[in-house]
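Following: one structure in structure tokens, then a few remarks.
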Amino acid sequence: MIERNSPSWTSRSVGWTATASPNTFSTDISSSCGADNGSSWFARSTSQRLLDHRLCSTIRQWSCATIFGMRRLNRPTGVETMTDSADWTTALVSARQTLVRASTAERVADILRDMVMEGRVLPGAKLAEDSIADALQVSRNTLREAFRLLNHERLVVHELNRGVFVRLLTEADVVDIYRMRRTLEGAALRFWGESADAGRAAAVSHVRSAVTTGVAAAERGDWDGVGTANMHFHRSIAALADSTRIDEIMRQLLAELRLVFHVMPTVRDFYEPYLGDNERIATLVEAGRSEEAVAVLLDYLDRAEDQLLREFASKAGRRSAQADPAST
């Protein structure tokens, strides 16, 4: 059983105040007993919430690469960062068009999830309700419901009297995520190899497009862009199964995965070796050699998982040494 750091949401209504800077979100939460500030959001039954989640439409083709920027904190000097700082509050305003008039918690969750998958929101970041709600022009209740959906997907946690934070993942999460990836992506490649669907060519073109985008980003020295292209590559692999359910699971899984990737100290050293693997898999898919593509993919995932786990262990060792200098 893999232990999750699930939040414990209070049933009391909550009043929210927020301050924000370009580099971090900050939210202060103070409890109140007012009847009009969100109590219905907390009181809804699980079945009602799940029904709402299923009924809400999703945004599939929206890129958030240009609407959110944060600087990773506590990076060693001279080490490449995952993302650059930007005025996220202003940038979020451009996302309003994706909400149309019938803005919903599901759509807000889509926006924030995509930002995580694009590497724009960092593990441990504090989410400022006022700033996000104002930028997207949605109600606080809608945003709270979006946070609840993202909590269900293990992307955020709520800390009582502190606020909502982007989740920090663990070694157990890495093992579980990669187990799921082997199952989904491997099955998608095998299904594609056995399928005679008329839409095969279009599906394969998305795989190739993601590879091309990644190579172009590498040539520009845009390693965050390489990471984002890699996310799209693996979503395209899963999409070969032609299953909306697999697509949805993969989207959530890759958002978690991008949070894991932030453990790596340098982005180029992590992403660059896998550009060639993506090219090999795309070429095998185009040639109809699905079993060979599966073999390359599984080896690829084994190496990536091992690399991440070693970095987690290394960071744990460094923290232990700092806590007990006499032991070194």
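Each reported figure results from applying straightforward, stated rules to the coordinates on display, with no laboratory input. Predicted, not measured: the structure shown is a model, and the values here were computed from it. Cβ sites come from the backbone with ideal geometry, for glycine too, and all protein chains shown count toward neighbours.
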**OP:** Calculate the translational D of segment 166-222 in whole µm² s⁻¹ from Stokes-Einstein, where the hydrodynamic radius comes from the Kirkwood formula applied to all Cα pairs, the temperature is 25 °C and the viscosity 0.890 mPa s.
**Re:** 173
Original post:
Using Cα pairs under 8 angstrom and six or more residues apart, how large is the relative contact order of segment 171-312, in percent?
Top reply: 36
Original post:
How compact and how long is segment 171-312, expressed as Rg and Dmax of its alpha-carbon atoms in Å?
Top reply: 14.3, 44
**OP:** Quick one: which residues, 5+ away or cross-chain, put their amide H under 5 Å from the amide H of Leu168? H built at 1.01 Å from N.
**Re:** Gly124
**OP:** Output the peptides 129-140, 209-220 sorted from most to least packed, where packing is the average of other Cβ atoms within 10 Å over each peptide's residues.
**Re:** 129-140, 209-220
**OP:** Compute the whole-percent fraction of alpha carbon pairs in segment 102-198 spaced more than 23 Å apart.
**Re:** 39
Original post:
In a Debye calculation with equal point scatterers on the alpha-carbon sites of segment 200-282 and no solvent, what is log10 I(q)/I(0) at q = 0.13 Å⁻¹?
Top reply: -0.40
